[in-house]
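Here is the structure we will look at, set down as structure tokens.
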Amino acid sequence: MENCPDVVAITMLACKIAECLSDDELEKLSADLDLFSDALSAILVRRSQNQDK
């Protein structure tokens, strides 16, 4: 339950952003944020692998 405030805050932020953007803008933002998340994940994997050496 310790991460629930983060989930609630992110959900509220998503709802507020969705109110301000068109469907097309929201779709583009979503795709960009997916890419951003994937890039961060890849960086973390590489850091972890480099620390294991």
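The values are calculated or read from the model by the stated rules, or taken from the named source; none is laboratory data. Predicted model, so just to flag it, every value in this text is computed and none were measured. Virtual Cβ from ideal backbone geometry, glycine too; neighbours counted across all protein chains shown.
Residue under question is Glu2, and the condition is that it be exposed (fewer than 10 other Cβ atoms within 10 Å of the Cβ) and at pLDDT below 95; does it hold? Lay out the reasoning, then the answer.
On the way: exposed (fewer than 10 other Cβ atoms within 10 Å of the Cβ): yes; at pLDDT below 95: yes.
Yes; evaluated as a whole, the condition is true for this residue.
Can you name the residue in the range 19-53 that is outside any helix (DSSP H, G or I) and modelled with pLDDT of 95 or more and, of all such residues, is surrounded by the fewest Cβ atoms within 10 Å (Cβ to Cβ)?
Ser22
Between residues in the range 1-18 that are part of a helix (DSSP H, G or I) and residues that are of a type in the set (A, V, I, L, M) and surrounded by 10 or more Cβ atoms within 10 Å (Cβ to Cβ), which pairs lie under 9 Å by C-beta distance while being six or more apart or on different chains?
That search, which allows pairs on different chains as well, returns Ile17/Leu26; Ile17/Leu29; Ala18/Leu26.
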